[in-house]
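Here, each number is a calculation from the coordinates, and none is a lab measurement. Only a predicted model underlies this, so the values are computations on that prediction, with no experimental measurement involved. When we count neighbours, we look across all protein chains shown, and the Cβ atoms used for this are built from the backbone with ideal geometry, even at glycine.
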Amino acid sequence: MALRTIRNVPDPVLRQKAKRVKSLDRSLRQLIADMKETMADANGVGLAATQVGVSLRIIVISVPHKDRKNEEYTIINPEIVRRKGERIVKEGCLSIPGYIGEIRRSEQVRLRGTDIEGKEVKLHAEGLLAEVLEHETDHLNGVLYVDHLESQDKLEKVEPPVPCLNRPLHKTPNPEQ
């Protein structure tokens, strides 16, 4: 395994729509292992292949779980097939270090894809896992969390830079804001 360089804005690969993975060979298995190591080293909860300069539809996720060790997923060709509800979260990104932004994310998502063994994956997620699935899938479509900002005043600089902050604010959207 090896650490990969995390691409930062304005790297053009972050704005590309990633290509579907047709078959999983040794080099892609190595990429996935490298992505997991890179994500852990950066204290992230998710990483898309585009963030390490590879325009393929692969994401790795490791989110804390209150009752057990981290929930970890490798999903190839992920696709969100359903979204439900809405909440406001403060979100950061390994590719935009030093900033967090307040955006709207779904309360729940359903996602499908395949795992590293080629088996179908179907996830019904809520909370932080739903947020990370949306965030990483956005990356594969060339979308960054800052594209969801309602206004630039919802983006704030953090010192020292926080590599990845994906925590809900636990407040409901107020249309009068």
Point to revise | the range 31-79, relative contact order in percent, only Cα pairs under 8 angstrom and at least six apart counted | key: 29
Point to revise | Helix-only CD estimate at 222 nm, as mean residue ellipticity for the chain, using -39500 (n - 2.57) per DSSP H run (n ≥ 4) | key: -5500 deg cm²/dmol
Study note, to complete from the structure: Neighbours of N141 by Cβ distance under 11 Å: Lys/Arg at +1, Asp/Glu at -1, summed charge -2
Review point. Between E150 and E120, what length in nm is gained on full extension when 0.36 nm per residue of separation is reduced by their alpha carbon distance?
Key: 7.3 nm
Check your understanding: Counting pairs of alpha carbon atoms under 8 Å apart in space and at least six apart in sequence, what relative contact order in percent does the chain give?
Key -> 25
Point to revise | Rounded to 10°, Cα long-axis angle of helix 26-41 versus longest principal axis of the chain | key: 30
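If each residue's Cβ is checked for other Cβ atoms within 10 Å, how do S23, S55, S62 rank with the fewest at the top? Let's see the in-between values first.
Details: S23 6, S55 15, S62 19.
So the residues, fewest neighbours to most, are S23, S55, S62.
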Check your understanding: Measuring from centroid to centroid over Cα atoms, what is the spacing of the range 1-26 and the range 97-158 in Å?
Key -> 16
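Expressed in nm², what is the orientationally averaged projection area of the convex hull enclosing the Cα positions of the range 16-112?
Details: hull surface 29.4 nm².
Projected area, direction-averaged: 7.4 nm².
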Point to revise | Ordering of 81-91, 95-105 by burial proxy (mean other Cβ atoms within 10 Å per residue, highest first) | key: 95-105, 81-91
Review point. Which value, in debye to the nearest 20, gives the size of the charge dipole of the chain about its Cα centre, when Lys and Arg are +1 and Asp and Glu are -1 at the Cβ?
Key: 560
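On average over all directions, what projected area in square nanometres does the range 75-162 have, based on the convex hull of its Cα atoms?
Details: hull surface 24.0 nm².
That works out to 6.0 nm², a quarter of the Cα hull's surface.
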**Study point:** Karplus-derived 3J(HN,Hα), 6.51/-1.76/1.60, for each residue of the range 52-57, Hz, glycine and proline x
**Key:** 10, x, 10, 8, 10, 7
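Give me V132, V109 sorted ascending by neighbouring Cβ count inside 10 Å, so fewest comes first. Display every interim value, and only then the final one.
Numbers: V132 26, V109 23.
Ascending number of Cβ neighbours within 10 Å: V109, V132.
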Revision key, fill the gap. Helix 127-140 sits off the longest principal axis of the Cα atoms of the chain, rounded to the nearest 10 on a 0 to 90 degree scale, by 60
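Provide the net charge surrounding R110, with neighbours chosen by a C-beta distance below 10 Å and charges set as Lys +1, Arg +1, Asp -1, Glu -1. Numbers along the way, then the final one.
On the way: positive: R82, R83, K84, R112, K122; negative: E79.
Spelling it out: positives minus negatives among the neighbours equals +4.
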